[in-house]
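Engineer: Dropping the structure in here first, questions after.
No lab work stands behind these numbers, since they all come straight from the coordinates. Keep in mind that this is a model prediction, so the values were computed, not measured. Virtual Cβ from ideal backbone geometry, glycine too; neighbours counted across all protein chains shown.
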Amino acid sequence: MSQDYKIFGYCERGLDPSFLAEPVNAVTNAAFIIAGLIALRMLWRLPPERRHLVQWLLGLLVIAIGIGSFLFHTFATRWAALADVIPIALFMLLYMGVACVYFLRCGFWMTALLLGLFVAMLSSAGGLCPAAGICLNGTESYLPALVALLAVGAWLAVKREPAAGSVLAAGAVFAVSMTLRTVDRSLCDAFTFDGYVLGSHFLWHILNAVTLFILTRAAIRYRPETLKPATV
């Protein structure tokens, strides 16, 4: 396949179109798979009545994110980019719904309203930069997720809900992760080791796996006894 069909977005790849041009970026996606498997194991060990389909889906989506990102950092094509971003988008949307129902105890209409607001924020996030992918290296697309984490975590902290610590911790780790993703291309020289241009994107993978694990574990640990939400 010609280079015209390749996506050159990270320090480690540079302008190399080969399958193994990003070995570290590719291998560190194993962190997602490990995080998802640990979360699923935690869920499996719970009594059957404490398990729910949504929790299984969250764990599986974490694994799917790892697989999709691996495909992107090896094939680096448009279809691989879709395999990368679709599981991420699904996780964000599903977890926003989980946060509304599990943690905020929202009713149906309030959950729908907050989800609609979140989707609107995701849709407009790309317009924050005059040229998408330049001012924040594409990380602006994830700003709504960070805002949502911090807002939900702060509200839970005010209400002294047990999930507050997990959500805020996930938000803090995600903020560091986003920073490392943003500086990957602008600080290539700073992340060069023995002549090998590594970049910082691999740390985005590792810290994101930690973020998603914290969030999935919170959904497993703090699911209310009843899924009938309080009326808001």
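Engineer: What is the sum of charges around residue 16, taking Lys and Arg as +1, Asp and Glu as -1, for the other residues whose C-beta is under 14 Å from the C-beta of residue 16?
Structural biologist: Values: positive: 6, 13; negative: 12, 22.
Net charge around residue 16: 0.
Engineer: So, one more: Once both axes come from the Cα atoms, what is the angle between helix 108-125 and the longest principal axis of the chain, in degrees from 0 to 90, rounded to 10?
Structural biologist: 20
Engineer: What whole-number distance in Å separates the alpha-carbon centres of the stretch 122-177 and the stretch 19-87?
Structural biologist: Measuring centre to centre over Cα atoms gives 20 Å.
Engineer: Could you compute the FRET efficiency for residue 189 and residue 81, with r as their C-beta to C-beta distance and R0 at 35 Å, rounded to 0.05?
Structural biologist: On the way: r = 26 Å, r/R0 = 0.75.
The pair residue 189/residue 81 has a calculated efficiency of 0.85.
Engineer: Give the order of 182, 211, 28, 77 when sorted by the count of other beta carbons within 10 angstrom, beginning with the fewest.
Structural biologist: Listing 182, 211, 28, 77 from fewest to most nearby Cβ atoms yields 77, 182, 28, 211.
Engineer: Given an 8 Å cut-off on Cα distances and at least 6 residues of separation, report the relative contact order of the chain as a percent.
Structural biologist: On the way: 320 pairs, mean separation 59.0, N = 232.
Once divided by the residue count of the chain, the mean separation gives 25 percent.
Engineer: Output needed: Cys residues of the chain lacking any neighbouring Cys C-beta below 4.7 Å, sorted by number.
Structural biologist: none
Engineer: Another one. Could you state the angle between the C-alpha long axis of helix 143-158 and the longest principal axis of the C-alpha atoms of the chain, as a value from 0 to 90 degrees rounded to the nearest 10?
Structural biologist: So the helix axis and the longest Cα principal axis differ by about 30 degrees.
Engineer: Given a Förster radius of 45 Å and the C-beta distance between residue 5 and residue 50 as r, what FRET efficiency does 1/(1 + (r/R0)^6) yield to the nearest 0.05? Could the numbers behind the result be given before it?
Structural biologist: On the way: r = 47 Å, r/R0 = 1.05.
So, using R0 = 45 Å, E works out to roughly 0.45.
Engineer: Name the longest site-free stretch of the chain, where the excluded sites are trypsin sites (Lys or Arg not before Pro) in a DSSP loop with no more than 10 other beta-carbon atoms within 10 Å. Present the calculation step by step, with values, prior to reporting the outcome.
Structural biologist: Working: sites that count: 45, 160.
It runs 46-159.
Engineer: Count neighbours as other Cβ atoms within 10 Å of each site's Cβ, and list the chymotrypsin sites (Phe, Trp or Tyr not before Pro) in the stretch 16-51 that are DSSP loop with at most 14 such neighbours. Walk me through the numbers before you get to the answer.
Structural biologist: Values: sites: 19, 32, 44; in loops: 19.
Answer in residue order: 19.
Engineer: Only one of the listed values, (i) 13.3; (ii) 14.6; (iii) 15.4, was derived from the coordinates as mean projected area of the Cα convex hull in nm²; which label is it?
Structural biologist: Of the listed options (i) 13.3; (ii) 14.6; (iii) 15.4, (i) comes from this structure.
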